[in-house]
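**Q** I'd like to ask some things about the structure below.
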Amino acid sequence: MGVAVLIGSDVLRTLGSGLIAQLAWLGAAVSYALAGILGRRFRALGVSPMAGAAGQLTASNPLLVPVTLLADRPWLLPMPSAVALWALLGLALLSTALAYVLYFRLLATAGATDLLLVTLLVPPGAILLDSLFLH
């Protein structure tokens, strides 16, 4: 339902123009659902929330580095400023690492169903913040 809201009411009319973006939204929603279901098994295996978060972030790096090198070609870009590097470090530590630790801790304590209810609030929250701050 959330994907349909983000795509809009003219899904059939806009299907061809933004198919890749629409499939990405759909893939993200399916990934959230599968992550909660599969992540629930970590508790049964005795894996701590910190180990789950560290494992996920460590496994994603070898997958994303080749894509980044092909898509962005960072060797052609100018060196980022110190402010940009500090902002990147803040995003990596707070918005990614801490978020994954909280995600897996909530998964272990509250369960997959309650956790997925929280993730369903992300798209409407993003739309609200976008409309408030970016008009």
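**Q** Determine the pairs where a residue that is more than 19 Å from SER95 (Cβ to Cβ), located within the stretch 54-83, has a partner that is assigned to a helix (DSSP H, G or I) and of a type outside the set (A, V, I, L, M, F, W, C) with Cβ atoms under 9 Å apart, the partner being 6 or more residues away or on another chain.
**A** Note: pairs meeting the criteria are PRO74/THR68.
**Q** Let me ask another. Name the residue that is nearest to ALA112 (Cα to Cα), counting only residues in the stretch 40-91 that are at pLDDT below 90, polar (S, T, N, Q) and loosely packed, with under 10 Cβ neighbours inside 10 Å.
**A** So the residue we want is THR58.
**Q** Only one of LEU64, LEU93, LEU89, LEU98 is under 14 Å from the mean Cα position of the chain (by Cα) and either more than 30 Å from GLN22 (Cβ to Cβ) or not in a helix (DSSP H, G or I) (or both); which?
**A** Going through LEU64, LEU93, LEU89, LEU98 in turn, the sole match is LEU98.
**Q** Hey, any hits in the stretch 106-114 for a residue that's in a loop (DSSP other than H, G, I, E, B) and in contact (Cβ under 8 Å) with a residue 12 or more places away in the chain?
**A** The answer is yes, given that some residue of the stretch 106-114 is in a loop (DSSP other than H, G, I, E, B) and in contact (Cβ under 8 Å) with a residue 12 or more places away in the chain.
The values are calculated or read from the model by the stated rules, or taken from the named source; none is laboratory data. What you see is a predicted model; the values in this text were computed from it and never measured. Note that we place each Cβ from the backbone using ideal geometry, even for glycine, and neighbour counts take in every protein chain shown.
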